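The values are calculated or read from the model by the stated rules, or taken from the named source; none is laboratory data. All of these numbers come straight from a predicted model, not from anything done at the bench. FYI the Cβ positions are ideal-geometry reconstructions off the backbone, even for glycines, and counts take in every protein chain you see. Side chains included, ligands, DNA and RNA excluded: accessible areas come from the protein's heavy atoms. Shrake-Rupley method; radii C 1.70, N 1.55, O 1.52, S 1.80 Å.
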Amino acid sequence: WYPYFYAVRRNGETFGEAYERGGISHTAKRIYDIVRDGYVALHEIKALGGFGKEDKSSFDRAMVELQMGMFITMTGRKQKKNKYGIEYGWNSTVFTTVENFWAERGFEIPELNAEKSYEKIRQQILLLNPTAEEKTIRKFIMG
């Protein structure tokens, strides 16, 4: 189902196109630019982007925005290290772009029509739950 959700939520746009259109916040762009070329732990994103406690709300919104738009995805966990290289604390979630994630696994996301993909997901939902309301279906599919 991933390719269908990807088609619907991305609607054929690259990150750059979505940003130019105004569909991506500046904070999300700052985060995406950090994650774009590799695998970066959440604590590293915050440090590299200069995000402080005062940015928590906008940072959290931007992370959700990027994940719901299927621009970045979680790919594992990484232990924090102190200045001596000794691991400490809780693990931190690692992120990468959706394209990096799937390319490393030898999978290319097919280009699918957004409207047809939406309808395919919708039909599956109704198959599983015939009483599902359209408003709820739309919220589930679109995020």
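For the stretch 1-47, the set of residues classified as open to solvent by less than 30 Å² (accessible area, probe 1.4 Å), aromatic (Phe, Trp, Tyr) and in a loop (DSSP other than H, G, I, E, B) is empty.
Residues of the stretch 51-93 that are modelled with pLDDT of 95 or more, part of a loop (DSSP other than H, G, I, E, B) and either more than 19 Å from the chain's Cα centre (by Cα) or over 15 Å from THR27 (Cβ atoms) (or both): MET70 alone. Name every residue in the stretch 116-129 that is open to solvent by less than 100 Å² (accessible area, probe 1.4 Å) and not hydroxyl-bearing (Ser, Thr, Tyr), in order of residue number. Listed by number, the residues that qualify are GLU119, LYS120, ILE121, ARG122, GLN123, GLN124, ILE125, LEU126, ASN129.
Taking the stretch 94-115 as the range and being without any contact (Cβ under 8 Å) to a residue 40 or more places away in the chain and part of a helix (DSSP H, G or I) as the test, the residues that pass are GLU99, PHE101, TRP102, ALA103, GLU104, GLU115.
When ASN113, ASN91 are checked against the criterion of being more than 30 Å from GLU44 (Cβ to Cβ) and open to solvent by 60 Å² or more (accessible area, probe 1.4 Å), ASN113 stands alone in meeting it. If you go through the stretch 130-143 and keep only what is open to solvent by less than 40 Å² (accessible area, probe 1.4 Å) and either polar (S, T, N, Q) or not in a loop (DSSP other than H, G, I, E, B) (or both), you end up with ILE137, ILE141. For the stretch 49-63, the criterion of being of a type outside the set (Ser, Thr, Tyr), open to solvent by 40 Å² or more (accessible area, probe 1.4 Å), in contact with a helix residue (DSSP H, G or I) (Cβ under 7 Å, 6 or more places away or on another chain) and in contact (Cβ under 8 Å) with a residue 24 or more places away in the chain is satisfied by no residue at all. When residues in the stretch 2-27 are screened for being among the small types (Gly, Ala, Ser) and closer than 18 Å to PHE59 by Cα, 3 of them pass.
Residue-wise test of (1) in contact with a Phe, Trp or Tyr (Cβ under 9 Å, 6 or more places away or on another chain); (2) closer than 23 Å to GLU13 by Cα.
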position	(1), (2)
ILE45	yes, no
SER57	no, no
GLU65	yes, yes
LYS80	yes, no
TYR88	no, no
ARG105	no, yes
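In the stretch 65-88, which residue that is of a type in the set (A, V, I, L, M) and farther than 14 Å from VAL35 by Cα is most open to solvent (accessible area, probe 1.4 Å)? Residue satisfying both the conditions and the ranking: ILE86.
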